[in-house]
Amino acid sequence: MEVKRRWIDPEHGGLSVARQCALAGLARSSYYFTPTASESAENLALMRKIDELYLERPFFGYRRMAGWLRELKWTVNEKRVLRLMRLMGLQA
C-alpha cells in the first residue's frame, strides 16, 4: 500500500487525486491516512506504574487496579486501565 501511495502526485495537472487513486487501485482514504502515535507519554507512564503494581499483586483485576491507582493520585477510570492492561497482556 505504501508503494501505491508514492505513485500519487497531488500536483498532477491532468488527473485528480481521486482518479489517480482509482487507477492505482488505492482507496482515497488510504492515501490521506496518517498514522498517529501509539500511546501518549502519560499513558506510557501509567503503563509502567500498572506493571510495577501488577508485579506486587498479580491477582488484582482492572477494577482493583484502577482503585489502587486512584489511591495513589492517578486520574484513571476502569475502562482506561482495562484497555492498557489488555494492551500489556496482563490478566488477573
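The slack between Ala45 and Arg70, meaning 0.36 nm per residue of separation minus the straight C-alpha distance, is 7.5 nm. Fraction of C-alpha pairs exceeding 19 angstrom in the stretch 10-92: 51 percent, rounded to a whole number.
Solvent-accessible area of the stretch 1-58 (1.4 angstrom probe, protein heavy atoms only): carbon and sulfur portion equals 54 percent.
Looking at the chain, the accessible area is 73 square angstrom per residue; that uses a 1.4 Å probe and ignores ligands, DNA and RNA. Ranking Met65, Leu87, Tyr54 by Cα position along the charge dipole of the chain, where only Lys, Arg, Asp and Glu carry charges on their C-beta atoms, puts Met65 farthest toward the positive end.
Just to be sure I follow the definition: excluding the sites themselves, where is the longest run in the chain that has none of the chymotrypsin sites (Phe, Trp or Tyr not before Pro) in a DSSP loop with at most 13 other Cβ atoms within 10 Å? Segment 60-92 is the longest.
The values are calculated or read from the model by the stated rules, or taken from the named source; none is laboratory data. Note that the coordinates shown come from a computational prediction; the quantities given were computed from them, not determined experimentally. All Cβ positions, even for glycine, are placed from backbone atoms using ideal geometry, and neighbour counts span all protein chains on display. With ligands, DNA and RNA removed, areas are computed over all heavy atoms of the protein, side chains included. Shrake-Rupley method; radii C 1.70, N 1.55, O 1.52, S 1.80 Å.
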